[in-house]
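J.: The following block contains the structure, expressed as structure tokens.
No value in this document is a laboratory result; all are computed from the given coordinates. As the structure is a computational prediction, the values presented were derived from the model and not from experiment. All Cβ positions, even for glycine, are placed from backbone atoms using ideal geometry, and neighbour counts span all protein chains on display.
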Amino acid sequence: MERKNLWAPWRIKYVQGLSESSDCFICHNLENPQDDDENLVLWRTEKSIVILNRFPYNNGHLLIAPARHIGELAKASEGELLEMFKLVRESQKALSLTIKPHGFNVGMNFGRCSGAGLPEHLHIHVVPRWDGDTNFMNVCSDTDIISQSLIELLELLKQISKEHNLPNI
């Protein structure tokens with residue numbers, strides 16, 4: 001059987017970044033609002049930020065994080081928790097209007113052993129899902145296929161957000 005490769009050059013930055021940097025990309029994005037488009041920032045609110053995941057599990061994968069650099073849920077204030085979960089709701093609304101997923105996975109990982117790529121900065125994953133999106137690529141080779149550019153999706157989400165006054169928290 002001939003072996004086939006899926007070319008995914010954008011993954012090298014993630015793989016190299018695992019050992020190269022301990023910098024918090026969420027804090028970097030928070031401190032550099034002038035680079036929001038480049039950093040894939042969708043929304044900023046008083047206590048939170050919403051970012052398109054640069055290394056997504058699925059098209060439209062968003063990260064919602066508090067503006068404060070905290071790694072544990074127990075350290076989040078009531079206001080931060082409420083705002084982040086309102087942003088989960090608003091994110092689902094924006095993604096539903098934009099890319100029309102059939103469902104969502106919403107979750108958090110605490111600690112590297114649980115899959116947290118950035119355990120020092122608390123964040124919520126919002127991952128759109130479609131009926132049948134677990135295909136042979138995922139099952140056979142632990143590979144995900146992302147069918148839309150992140151920049152294109154960011155622009156669509158911003159347009160929908162403006163049209164629907166999102167986030168409405």
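J.: Mind checking the full-extension length gain between GLN34 and ARG54? Use 0.36 nm per residue of separation minus the Cα-Cα distance, one decimal, nm.
T.: Taking 0.36 nm per residue and subtracting the Cα distance, the gain is 5.4 nm.
J.: For the peptides 108-119, 90-101, 53-64, 32-43, what is the packing order when you average, over each peptide's residues, the other Cβ atoms within 10 Å and list the highest mean first?
T.: For the peptides 108-119, 90-101, 53-64, 32-43, the packing ranking is 53-64, 90-101, 32-43, 108-119.
J.: Which stretch or stretches of the range 115-130 have amide N atoms under 17 Å from the point lying 7 Å from SER96's Cα along the Cα→Cβ direction?
T.: Answer for this model: 126-130.
J.: Using a basic spin-label model with each label point 7 Å from the Cα along Cα→Cβ, how many nm lie between ASP133 and LEU81?
T.: Simple spin-label model gives 2.8 nm for this pair.
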